[in-house]
Amino acid sequence: MEHKRSLKAGFLKSLVVTGAIIFLSACRDDSSDTATVTETSSEGQLTTVRMNEVQYLGTHNSYHPGPPEDVVLIVNNLTGDAAEAAEAAGINDLMLSLDYAHVSLTEQFESQGVRQIELDVFHDPEGGRYKNRNIVALLGKNVDSGIDALAESGLKVLHIQDLDYESTCYTFIACLTEIKTWSDNNPDHLPITVLVEAKDEIIPDPLGIGFVEPLPFNTEALNQIDIEIRSVFPESQLITPDVVRGDYETLNAAVLAREWPLLSEVKGKVLFAFDNAGSKRDAYISGHPSLTGRVMFTDSEPGSPEAAFLKFNDPESSFDQIQNFVAQGYMVRTRADSDTVEARTNNTTRSEEALRSGAHFISTDYPVPDLRFSDYQVSIPGGYITRCNPISAPNNCEDSEW
């Protein structure tokens, strides 16, 4: 989600198709096995262990079914100066980093043991802003995607407009509805956490191909995130900052007092967290001190009134910080891998550090292996949906009971 690359002007100059184009598939190897996971726990653990005292498996850009075949086709068939320009602009590395894919959210919950997902959203109040894929005109194709959902008003879910635009659920409402349907059908599930990133980055378009410019996420757009979440989920199914704060003066005070809910209190519920920092986070908090009335937790500075959820993407460089903040009571998310690097080299060092750090949400692109690369895979040790957190779990928490 936090994957941000500056697309140089030279990249778009490289989008010139020369000669015959050969069809190349960007799909994952279908032979990858799905994980077998079970969600069982003793009632005793549910009533004595809090939601910040265990560790969950998450996925990065959970809606991402793989890079668009048309874009892969264009890039892989550049020749001469165009190919050199693409290499110089870093586009080849970019396409390598996008070469991962997830199954539907339902399948991730059902067969892969995932309990934390990530969704990128774009503001589209009138609808249709992301319906066309203008880059495919380079292949002589109709730019209209033909996807009716993209014509609807409301937030859209995708990674990079015009370049990495495929999704397993194109609207935020559709993604939320899928989560709720699974949750309603599995009312005893451990809490699901949804990390939401508001995206409005403009990508260069020096050739005038017509890349769409995202609308900025102003306060109205940020409010729309909460509105759409509440249009799908009743308050009783949400774990909000108000729920965790309780009678404490600030959310941070409640967290430092170890007041995250017991797992028995949040079975079948969903927590939302805001991925963005900086001005977007500040705008989301503005007028809502300690996140009063808001749906999402924010990645706020430890010690600030809103601080409860923290993000440290690199568990190796931030290992000590993660352990420290987990011990204090904050909930932390980290990444086990990035840009397909670990899968291509079958390097488990980063994922092992992520698990050992005590971060609550271990996000990966590989809850199952991509056998085109290696058998690299990230899972909760023991084959469980969750396990006792190595830093914050109480003495009575036993992995064998999950």
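The values are calculated or read from the model by the stated rules, or taken from the named source; none is laboratory data. Bear in mind that the values here come from a model prediction, so they are computed numbers and not experimental data. Here the Cβ is made from the backbone with ideal geometry for all residues, glycine too, and neighbour counts use every protein chain on show. The accessibility values were calculated without ligands, DNA or RNA, using every heavy atom of the protein model including side chains. Shrake-Rupley method; radii C 1.70, N 1.55, O 1.52, S 1.80 Å.
Data for the structure
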{"quantity": "Hits in the stretch 269-282 (condition: open to solvent by 10 Å² or more (accessible area, probe 1.4 Å), assigned to a loop (DSSP other than H, G, I, E, B) and not aliphatic (A, V, I, L, M))", "calculated": "K269, N276"}
{"quantity": "Any hit, the stretch 361-381, residues being basic (K, R), modelled with pLDDT of 95 or more and open to solvent by less than 10 Å² (accessible area, probe 1.4 Å)", "calculated": "no"}
{"quantity": "Selection count, the stretch 224-252, where residues are in contact with a Ser or Thr (Cβ under 9 Å, 6 or more places away or on another chain) and among the small types (G, A, S)", "calculated": "0"}
{"quantity": "Residue within the stretch 136-150 that is more than 27 Å from W182 (Cα to Cα), open to solvent by less than 30 Å² (accessible area, probe 1.4 Å), within 20 Å of the chain's Cα centre (by Cα) and of a type in the set (A, V, I, L, M) present", "calculated": "no"}
{"quantity": "Condition check for V103: closer than 19 Å to C175 by Cβ, β-branched (V, I, T) and in contact with a helix residue (DSSP H, G or I) (Cβ under 7 Å, 6 or more places away or on another chain)", "calculated": "no"}
{"quantity": "For D188: the one exception among (1) open to solvent by less than 20 Å² (accessible area, probe 1.4 Å); (2) part of a loop (DSSP other than H, G, I, E, B); (3) within 25 Å of G382 (Cβ to Cβ)", "calculated": "(1)"}
